[in-house]
Amino acid sequence: MATFLLPLLNAHASANPTARSPPFFLGISGPQGSGKSTLVTILAATLRTYPHSLNVVVFSVDDLYLTHADQVALRELYPDNKLVRHRGEPGTHDLELAKGIFRSLRDQRGTQIPSYDKSAFEGQGDRADEISWQKVDGPYDLIIFEGWCVGFRPLPDDVIREAWNESRASGNGTLGKHSLEHLLFINTKLKDYDAITE
């Protein structure tokens, strides 16, 4: 991965030669348990040490989940939608927080990276107290953002509808187990994520 990434970083640095230029942003996506965190940890450690000595910031989409109170409010607002009963799906992240963090990192400002305590509230989770957030300082060379839905894009509604109809007709897959309205709700929420991944 480092061999693939280093020429891209060098080209980015050449095109953006000042300390105030935006860092290089790398998104890494993969299913749960696929090794994203392990890959990112090793990659960041490699790039932070000699001979590269880069200022690398790492954080996860998991760190951006709604607070417990906001999760409860979302669940109560849409009580029939099983997809937002728990954290994980698009719509269960704090995108305003995310946009602020990305802007701050892009602008090379000192930034606090949030963390999320998945054990809080008997496993429902909650955002960790801000005093425990990691404080990072620029200038940054590389920002690595990882998560299962990083870079996902919404589908046209008719594609969702067709896949839902096929799932219901065949009895296969999980799409047909949800209402079409709930699937379209998640797809619509996913559109908002473009603000941080484009």
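None of the figures in this text is laboratory data; all of them are computed from the coordinates on show. Note that the structure is predicted; figures quoted are calculated from it, not measured. Cβ: placed from backbone, ideal geometry, glycine included. Neighbour counts: every protein chain shown.
For the stretch 66-89, indicate whether the set of residues that are crowded, with 16+ Cβ neighbours inside 10 Å and more than 21 Å from GLY123 (Cα to Cα) is non-empty.
No, the stretch 66-89 contains no residue that is crowded, with 16+ Cβ neighbours inside 10 Å and more than 21 Å from GLY123 (Cα to Cα).
Looking only at the stretch 68-89, decide whether some residue is touching a Gly at 6+ places or on another chain (Cβ under 8 Å) and among the hydroxyl-bearing types (Ser, Thr, Tyr).
No, the conditions are met nowhere in the stretch 68-89.
Yes or no: the stretch 70-81 includes at least one residue that is closer than 21 Å to ILE113 by Cβ, in a strand (DSSP E or B), in contact (Cβ under 8 Å) with a residue 24 or more places away in the chain and among the polar types (S, T, N, Q).
The initial filter retains those residues of the stretch 70-81 that are closer than 21 Å to ILE113 by Cβ, namely 70-71.
Subset that is in a strand (DSSP E or B): none.
No, the stretch 70-81 contains no residue that is closer than 21 Å to ILE113 by Cβ, in a strand (DSSP E or B), in contact (Cβ under 8 Å) with a residue 24 or more places away in the chain and among the polar types (S, T, N, Q).
Give me the pairs, please: first residue somewhere in the stretch 21-48 and without any contact (Cβ under 8 Å) to a residue 12 or more places away in the chain, second residue anywhere and hydrophobic (A, V, I, L, M, F, W, C) and not in a helix (DSSP H, G or I), beta-carbon distance under 7 Å, and either six or more positions apart or on two chains.
Sorted first by the residue in the stretch 21-48, then by its partner, the pairs are ARG48/LEU54; ARG48/VAL56.
Please enumerate the residues belonging to the stretch 21-40 that are part of a loop (DSSP other than H, G, I, E, B) and loosely packed, with under 10 Cβ neighbours inside 10 Å. So that I can check it myself, show each step before the final result.
Step one: of the stretch 21-40, the residues part of a loop (DSSP other than H, G, I, E, B) are 21-23, 30-35.
Result: PRO31, GLN32, GLY33.
Check off (1) surrounded by fewer than 17 Cβ atoms within 10 Å (Cβ to Cβ); (2) out of contact with any helix residue (DSSP H, G or I) (no Cβ under 8 Å at 6 or more places or on another chain); (3) farther than 30 Å from ALA19 by Cβ for ARG168 and give me the number that stays unchecked.
Of (1) surrounded by fewer than 17 Cβ atoms within 10 Å (Cβ to Cβ); (2) out of contact with any helix residue (DSSP H, G or I) (no Cβ under 8 Å at 6 or more places or on another chain); (3) farther than 30 Å from ALA19 by Cβ, only one is false for ARG168: (2).
Return the pair list, or none, for Cβ contacts closer than 7 Å from residues in the stretch 167-187 that are free of Cβ contacts under 8 Å to residues at least 12 places away in the same chain and part of a helix (DSSP H, G or I) to residues that are among the aromatic types (Phe, Trp, Tyr) and loosely packed, with under 10 Cβ neighbours inside 10 Å, at least 6 apart or on different chains.
Filtered contacts from the stretch 167-187: no entries.
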